[in-house]
Structures are given as structure tokens and as C-alpha cells.
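Here the structure is laid out as C-alpha cells; the discussion comes afterwards.
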Amino acid sequence: MKAIILSAGRGSRLGEHTANRPKCLLPLGSRTLLGWQIEGLARVGVRDVVVVTGSLNETVATEVATYAGGPSRVRTLFNPFFAVSDNLASCWMARNEMDGPFILINGDTVFEPTVAGKLLAAPVAPITLAVDRKLSYDSDDMKVAVSNGRLVDVSKRMDPAAVWGESIGMIRFESDGARAFAAQLDAMIQTNTGLKSFYLVAIAELARRLHVGVAQITGSRWCEIDFPKDLAAATALCAVWDTENAAAG
């Protein structure tokens, strides 16, 4: 199983925190955000990692080089369109890496290993989204609608009555789902709006003709980092993990 991590964005909403470093290299206790992702994946057996870079590409490449000789094979893939595109273009740049089962991960999601573990343990479907559930959802949450265990729609704009949960930015693809996703990306990137589209638009389109499943990860800890308040929450969460890891020896 391979992982593709989308880390091309600058993270401008974090202000001074990303003035001189890409978001994926934000320090969170003993590791960077990217470091926590790679460690979490390795703990569930995913050790082939492609990091799609853009902003401050050389800095990320330097970090990735420190993993040489370790348990995981980590490499970078540069998206030269990062400054004028959204994350569908980063996925499109990585389409040749979608040659078998893989996990797609947003570069701003920090998670404990059980999150990826639950996604990998979910019933097999061409595509499966990791989904959390909570009492209420805000305008920035990527909301999902589900019927009979299948994804119906995924969007930030959704009738509150239709919302079943929140996509956390982690998706598992089997080989057939990977092929369908790569073909959908190729079709969409050629449209007038392709560069400015989100890859979840492609997932919503695929859900109309493929079985797109959901893996509920509620109870496992994770955090999306978009704003300074999110960074503070993620820093506190990773401090807890550091303490737990130290206690476990």
C-alpha cells in the first residue's frame, strides 16, 4: 500500500507561522506535521510515501532526505502549478503513482495511527473515505451525505439535514478506484475550471457511478490545521502523543 500526501500549499491562512516554512513542516512537539504523518502510516504498515510539494519545495525535499535509510521510502513530486491551482492539480500531477492501491492524505491533517488503521480495516470498496461524526458542523467542514453505507455527496455546502459526517482528508483507493480516479482527474484538468478545482469534486462525481464507501473513525484523534487556533490545538494534541510515547518506552 502506497500513500500520496498533498503538501503543495503554502498555508497562507496561518500567517507568520508559514512565512518561512511550508505548512507540512510546522513543528508539532517532537516531529513536524509531515513527520507525524509518516510515522503514523509506518505504524500501520504503509511505508511507501509520495509527498506532492509546491511552496518551498527545496525545504520539504531536505526534510524528506532525512528519512533515507529509515523504515519508510519517502520521496517528493513537485507540482509546478501550485501557486495558481488547487489540490485537484496536485492529484493530477501524481496520477502516474496511482498504479495500485493507495491512500490519499491532505498535507494539513495530523492523525494518530488508529485513524489510518480504521481506514485500512474498512470493508473493501473501490474508494473509501475516512469520516468523523460530531454534533454540529461549521462552514469550513467538508461534509458528507451517506445512504446505506455509501457516499452520496461530499461538499462544504450541504443542507444540514443531509449531513452524516465530515471527511477528514484521508481516502483509500483499491486498484479499480485508483484507475477511475486518475481518469476522472485527467478529464477534469482539461476543463476551464480544472486547475481551480478540489479533488473531492472528482470523488463526488465518481460516487454517482461507483461504490464509494465510508470508514467511520470517530474516537480516534486527529486535527486539520488551517488557522492559528487549529495549530494550537494540534500542538497540544501532539504534546499528549509525545507524553504517551515516552510512557510506552
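We did not get these values from a lab; they are worked out from the coordinates using the rules stated. What you see is a predicted model, and the numbers here were worked out from it, not measured in a lab. Because the Cβ atoms are built from the backbone with ideal geometry, glycine has one as well, and the counts that use them run over all protein chains shown.
Treating only the Cβ atoms of Lys and Arg (+1) and Asp and Glu (-1) as charged, compute the dipole magnitude of segment 1-91 about its Cα centre; round to the nearest 20 debye. List each step's numbers first, then the result.
Working: 10 positive and 6 negative charges, 37 e Å.
Roughly 180 debye, rounded to the nearest 20.
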Here the alpha-carbon Rg of segment 196-249 over 2.2 N^0.38 Å rounds to 1.70
When the chain is treated as a GNM, springs tying every alpha-carbon pair under 10 Å, which of 167, 90, 147 comes out with the largest mean-square fluctuation? 147
Rg to Rh, two decimals, where segment 153-219 supplies the alpha carbon set and Rh follows Kirkwood: 0.97
Using bins 10 angstrom wide from zero, how does P(r) for the chain break down, in % of all Cα pairs? 7, 32, 40, 18, 2, 0
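Segment 1-96: Rg/Rh from Cα coordinates, Kirkwood Rh?
Details: Rg = 12.9 Å, Rh = 13.6 Å.
That ratio equals 0.95.
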Students often forget the sequence filter, so: which lysines lie under 29 Å Cα-Cα from residue 229 once same-chain residues fewer than 8 apart are removed? 23, 118, 134, 143, 156, 196
Can you list residues whose amide H is under 5 Å from residue 213's amide H, if they're 5+ apart or on another chain and H is modeled 1.01 Å from N? 127, 128, 129, 151
In debye, nearest 20, what is the charge dipole magnitude of segment 144-249 about its Cα centre with +1 on Lys and Arg Cβ and -1 on Asp and Glu Cβ, if you could check? 300 debye
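Let me have the 222 nm mean residue ellipticity of the chain computed from DSSP H runs of 4+ only, each contributing -39500 (n - 2.57), with the sum over all residues rounded to the nearest 500. Provide the component values of the computation, followed by the final result.
Numbers: 7 runs with 80 residues, N = 249.
Roughly -10000 deg cm²/dmol at 222 nm, from the helical runs in the chain.
Sort 109, 114 by Cβ crowding within 10 Å, fewest neighbours at the top. Don't skip to the answer; put the middle values down first.
On the way: 109 21, 114 17.
Neighbour counts put them in this order, fewest first: 114, 109.
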Only bridges whose two residues both fall in the chain count here: according to DSSP, what percent of them are antiparallel, nearest 5? 50 percent
Dipole check, segment 2-242, charges on Cβ (K,R +1; D,E -1), about Cα centroid: among 211, 104, 15 the Cα furthest to the positive pole belongs to 211
Using a Gaussian network model of the chain with C-alpha springs under 10 Å, which one of 194, 107, 70 is most mobile by mean-square fluctuation? 70
Picking from 125, 249, 89, whose Cα lies most toward the positive end of the charge dipole for the chain (charges on Cβ: Lys, Arg +1; Asp, Glu -1)? 125
If I build a Gaussian network model for the chain, linking alpha-carbon pairs within less than 10 angstrom, which residue out of 230, 138, 176 has the largest mean-square fluctuation? 138
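Calculate the dipole size of the chain relative to its Cα centre from +1 charges on Lys and Arg beta carbons and -1 charges on Asp and Glu beta carbons; express the result in debye to the nearest 20. List each step's numbers first, then the result.
Values: 25 positive and 26 negative charges, 57 e Å.
Its charge dipole is roughly 280 debye.
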Take residue 138, project a point 7 Å from its Cα along the Cβ direction, then tell me which residues of segment 12-34 have their backbone nitrogen under 19 Å from it. 12-18
Volume per residue of the C-alpha convex hull in segment 51-139, rounded to whole Å³: 156 Å³
